[in-house]
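Heads up: the structure comes next, in structure tokens.
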């Protein structure tokens, strides 16, 4: 096993197949970020979403995908340019992967996507776990990591440079925490998941409140206007925001939400608190950012 990968694996206390799969996925994610950095991707894009919280801020849940936003609208952007640099980076650390750009449907979308695909068993051998663990993994099982890039980002976000130190020191451009919070809140309030509640988003909400992070309300307003959840002339006041989230809380089945997130946690005991009353209290504790100062404003 590559020594850098060995050091990365040492951060995890893996005892089960799920533990090893989550660790493998996260190691591949971070090496993919290194490949994007080498290829100058972060000169025109920023990291955001649950994986940004996990990798940059230590969110205590695993995340499946890598989410990014262009700094400025570019309908001609294609992730294809960065697929080979990601593959080259992962291959250099001993991993065997494929990366495929998602073919866009005829429906117009603001998201450009690609998938990193890795044979789970084949790459488990690379990180050197026990034979008893490997025997529990089907030989044809494939691990998928989706890369999504918003090519038409809403205005009003700020970014900052964050540093990652494994597998070697490099930097990423990331949304600041209040605007990471804005993006997460937009997912909670506005995305349609049909009958499947995205419990991971609600878990992250609790994390933001627990870390005393204020939400960037103006950026959330811009996101909601872009997605059609606010009228163009409507202002997202604090009172309106709290009213909207309370209405959302009252419509959610939190038992289903728990089922969505529990496999991404080492310790799921905190989920026992989840109820409408619990999240109503969380709602009351959300702070609104008064000033949003940072290096770059888009």
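When you restrict to C-alpha pairs under 8 Å that are six or more residues apart and normalise by the size of the chain, the relative contact order lands at 19 percent.
Fewest neighbouring Cβ atoms within 10 Å first, the residues 43, 89, 155 line up as 43, 155, 89.
The long axis of helix 217-226 is offset from the longest Cα principal axis of the chain by roughly 80 degrees. Structural size metrics of the chain, computed from C-alpha coordinates, are Rg and Dmax of 19.4, 61 Å. Relative to the dominant Cα principal axis of the chain, helix 17-38 is inclined by about 80°.
Of the beta bridges DSSP finds with both residues in the chain, what % are antiparallel, to the nearest 5?
Numbers: 26 of 33 bridges.
The answer is about 80 percent antiparallel.
Viscosity 1.002 mPa s, temperature 20 °C: give me the Stokes-Einstein translational D for segment 1-175 in µm²/s, with Rh taken as the Kirkwood radius over C-alpha pairs. Could the numbers behind the result be given before it?
On the way: Rh = 16.7 Å.
Calculated translational D: 128 µm²/s.
Stokes-Einstein diffusion for segment 9-84 at 20 °C, viscosity 1.002 mPa s, with a Kirkwood radius from C-alpha pairs, works out to 156 µm²/s. Put in order of Cβ neighbour count within 10 Å, fewest first, the listed residues 120, 281, 159 become 281, 120, 159.
Using a Gaussian network model on the chain with a 10 Å cutoff between Cα atoms, which of 158, 226, 29 fluctuates the most? Maximum fluctuation in the GNM of the chain, among the listed residues, is at 226. Its DSSP H runs of at least 4 residues, each contributing -39,500 (n - 2.57), put the calculated 222 nm mean residue ellipticity of the chain at -12500 deg cm²/dmol, to the nearest 500.
Taking springs between alpha-carbon atoms closer than 10 angstrom, which of 264, 165, 208 fluctuates most in the Gaussian network model of the chain? Maximum among the listed residues: 165. Modelled this way, with points 7 Å down the Cα-to-C-beta line, the labels at residue 247 and residue 84 are 5.0 nm from one another.
Between residue 277 and residue 74, the simple spin-label model (points 7 angstrom out along Cα→Cβ) gives 5.2 nm. With everything on Cα atoms, drop me the angle between helix 276-285 and the longest principal axis of the chain, reported from 0 to 90° to the nearest 10. That helix lies at roughly 80 degrees to the long axis.
For the chain, a Gaussian network of Cα nodes joined below 10 Å ranks 137, 116, 27 by mean-square fluctuation, and the top entry is 137.
In what order do 204, 267, 150 fall by count of nearby beta-carbon atoms within 10 Å, going from fewest to most?
If I rank by nearby Cβ atoms, fewest first, I get 267, 150, 204.
Which shape class, rounded, prolate or oblate, goes with segment 176-298 when its Cα gyration tensor gives a ≥ b ≥ c as root eigenvalues, a/c under 1.5 marks rounded, and past that a/b bigger than b/c marks prolate? Taking the square roots of the gyration eigenvalues as a ≥ b ≥ c, segment 176-298 is prolate. Only residues of segment 43-67 count here: report those whose backbone N is under 18 Å from the spot 7 Å along Cα→Cβ of residue 285, or say none. Hits in segment 43-67 for residue 285 at 18 Å: 59-61. If you take the alpha carbon atoms of segment 1-48 and fit the smallest convex hull around them, that volume is 85 Å³ per residue.
Each reported figure results from applying straightforward, stated rules to the coordinates on display, with no laboratory input. Note that the coordinates shown come from a computational prediction; the quantities given were computed from them, not determined experimentally. Methodologically, a virtual Cβ is constructed for each residue, glycine included, from the backbone with ideal geometry; neighbour enumeration extends over all protein chains shown.
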